[in-house]
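The values are calculated or read from the model by the stated rules, or taken from the named source; none is laboratory data. Remember, it's a predicted structure, so these values are computed and weren't measured experimentally. Reconstructed Cβ throughout: ideal geometry from the backbone, glycine too, with neighbour counts over all protein chains shown.
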Amino acid sequence: MDVNLTTISGLIISVFPLIVPAMTLWNGWVFISDRLFTRRSQLSRFSYELYQRSGEVQFKKIAHDYGCAALIGDHHLSTEQRKVLLNSDDPIRDIDVYRKCSAYLNVNTSGHKFSWAKPWHKYRIFRWGILFFLTVLYFVGCVIFVSPMLYFLFRDLSFMAHFNEIALWKKIIAGVYFVFFGGFIAFISLNKGAKLHMAVRLISRNRLPS
């Protein structure tokens, strides 16, 4: 019984530090945009109600600005930059893409509507290099992620001899670490690569004709 309690305690102590950050990251990735949208929408409605009650025009402008910020999902843009997004040829599509990959982009009030936030991203060879690196990293993460599931295929090989001798609970801990770590690497690399690709297409789609 003591051995079982020790084993269970060891599993909980080892896995808990992985679960908490994973839940925090998931909560941030999935819900942060919804929270910002809800908050700004509420502020927009509240400001408009103040305008209706007081008749003061500045509250109407604030309501409009909060509404635009809720739609675009970015509080760093100026009023003119928000107008650029709202007046694009396909505003719904462009706003959705911008919300996902805003870290890569600048919104311009003159000339081309979008440009790269970092100057080195404008070089195609540099972007290809990043995408190649992220692709390799993604497959590495996938291999790490599925490695615990492949254990039974390779456990009879000589290089697995040392791993076969360790306790079962340690194998479980190692497997959990591989799954979380590999999944994290694969997700991050896929996410960044997809956002970079979307940013490239957004800039190309809104480029002024030469």
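Kindly indicate whether Ala167 is within 17 Å of Leu131 (Cα to Cα) and either surrounded by fewer than 16 Cβ atoms within 10 Å (Cβ to Cβ) or at pLDDT 90 or above (or both).
No: the conditions fail for Ala167.
Checking the conditions here, which among Ile72, Ile144, Ile62, Ile92 is aliphatic (A, V, I, L, M) and in contact (Cβ under 8 Å) with a residue 40 or more places away in the chain? Lay out the reasoning, then the answer.
Numbers: Ile72 fails: in contact (Cβ under 8 Å) with a residue 40 or more places away in the chain; Ile62 fails: in contact (Cβ under 8 Å) with a residue 40 or more places away in the chain; Ile92 fails: in contact (Cβ under 8 Å) with a residue 40 or more places away in the chain.
From the options Ile72, Ile144, Ile62, Ile92, the qualifying one is Ile144.
From the list Tyr104, Tyr138, Tyr123, exactly one residue is at pLDDT 85 or above, aromatic (Phe, Trp, Tyr), touching a Ser or Thr at 6+ places or on another chain (Cβ under 7 Å) and surrounded by 11 or more Cβ atoms within 10 Å (Cβ to Cβ). Which is it?
Tyr138
Being assigned to a helix (DSSP H, G or I), in the same structural domain as Gly111 (by TED's automatic domain parsing) and modelled with pLDDT under 90 narrows it down to one residue among Ile203, Ile172, Ile188; which is it?
Values: Ile203 fails: modelled with pLDDT under 90; Ile188 fails: modelled with pLDDT under 90.
Result of the check over Ile203, Ile172, Ile188: Ile172.
What are the residues in segment 76-94 that are surrounded by fewer than 15 Cβ atoms within 10 Å (Cβ to Cβ) and in contact with a Ser or Thr (Cβ under 7 Å, 6 or more places away or on another chain), if any?
Across segment 76-94, the qualifying residue is only Glu80.
Consider Val97 carefully, then state whether it is of a type in the set (A, V, I, L, M), surrounded by 11 or more Cβ atoms within 10 Å (Cβ to Cβ) and modelled with pLDDT of 85 or more.
yes
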